[in-house]
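Undergrad: Take this structure, written in structure tokens, and hold onto it; I'll ask about it next.
The values are calculated or read from the model by the stated rules, or taken from the named source; none is laboratory data. Fair warning: this is a prediction, and the values are worked out from it, not measured in the lab. Positions of Cβ are generated from backbone atoms using ideal geometry, with glycine treated the same way; all protein chains shown enter the neighbour counts.
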Amino acid sequence: MNSKSLSLLIMAVAFGTMGFAQGFHIGLKGGTNLYKIEGRSFNQEFRYGYTAGIFSEINFDKHWGIQPEVLWNQFNTRTTEEFKNIYHPSLSDVRDVKLNYLSVPLLASYRPLKFFTIQAGPQFGILINRKQDLLDNGRNAFKYGDLSLLGGVQFNIGGLKIGGRYSIGLLDIKNLGGGETWRNHDFQLYAGFRIF
């Protein structure tokens, strides 16, 4: 291979890499969760928690892409008298429950305008609380995994991302007997910044 062909090959690889790099970005994000568990054993008011993690943007063209993320989500809820009556008769009152999930959303992104993105896709969650006491955080009462469907919007102001999304659990997360179904519901408000 002569030097002219080698130079053309190097230039083609460099331009191809630069083109891909313009469509790939990584950033940090954080925000708040407004969370509840659907089921009569839990208070049906949304309660605050937090979210923090990393995201990436993989843009296929100026309109379509995907946005995978890895998030730490803290969800807070509160039991009702029904929980005590059905599952844990020894409880003397209602209890706060704190659930920490490692969440992995994989969102399809559609940008009708440069500054506005519509997103939807699945989110996989792994319960990572370390304590085993039901009264502390409900670890024994909840399954270790969850699957949710997300939908939302995001505003893009340069490297700044501001958005909101709603998720609904597709699976029963209850790890106890009994007839009712427990499903996650979550509003998330966040801000993020693209670091490259």
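Undergrad: I'm trying to understand the selection: among the residues of the stretch 151-181, which are surrounded by fewer than 20 Cβ atoms within 10 Å (Cβ to Cβ) and among the aliphatic types (A, V, I, L, M)?
TA: VAL153, ILE157, LEU160, ILE162, ILE168, LEU170, LEU171, LEU176
Undergrad: Search the stretch 182-196 for residues being under 30 Å from THR79 (Cβ atoms) and touching a Lys or Arg at 6+ places or on another chain (Cβ under 7 Å), and hand back the single one that is surrounded by the fewest Cβ atoms within 10 Å (Cβ to Cβ).
TA: So, considering only residues that are under 30 Å from THR79 (Cβ atoms) and touching a Lys or Arg at 6+ places or on another chain (Cβ under 7 Å), the one surrounded by the fewest Cβ atoms within 10 Å (Cβ to Cβ) is HIS185.
Undergrad: So ASN59 clears everything in (1) among the polar types (S, T, N, Q); (2) more than 16 Å from the chain's Cα centre (by Cα); (3) at pLDDT 90 or above; (4) more than 19 Å from GLN119 (Cβ to Cβ) except one condition, right? Which one?
TA: Condition not satisfied by ASN59: (4).
Undergrad: Test TYR110 against the stated conditions and say whether it is surrounded by 14 or more Cβ atoms within 10 Å (Cβ to Cβ), assigned to a strand (DSSP E or B) and at pLDDT 95 or above. Write out each step before concluding.
TA: On the way: surrounded by 14 or more Cβ atoms within 10 Å (Cβ to Cβ): no; assigned to a strand (DSSP E or B): yes; at pLDDT 95 or above: yes.
In short, no.
Undergrad: Kindly evaluate HIS88 against the criterion of being at pLDDT below 95 and either part of a loop (DSSP other than H, G, I, E, B) or basic (Lys, Arg) (or both).
TA: Spelling it out, HIS88 is indeed at pLDDT below 95 and either part of a loop (DSSP other than H, G, I, E, B) or basic (Lys, Arg) (or both).
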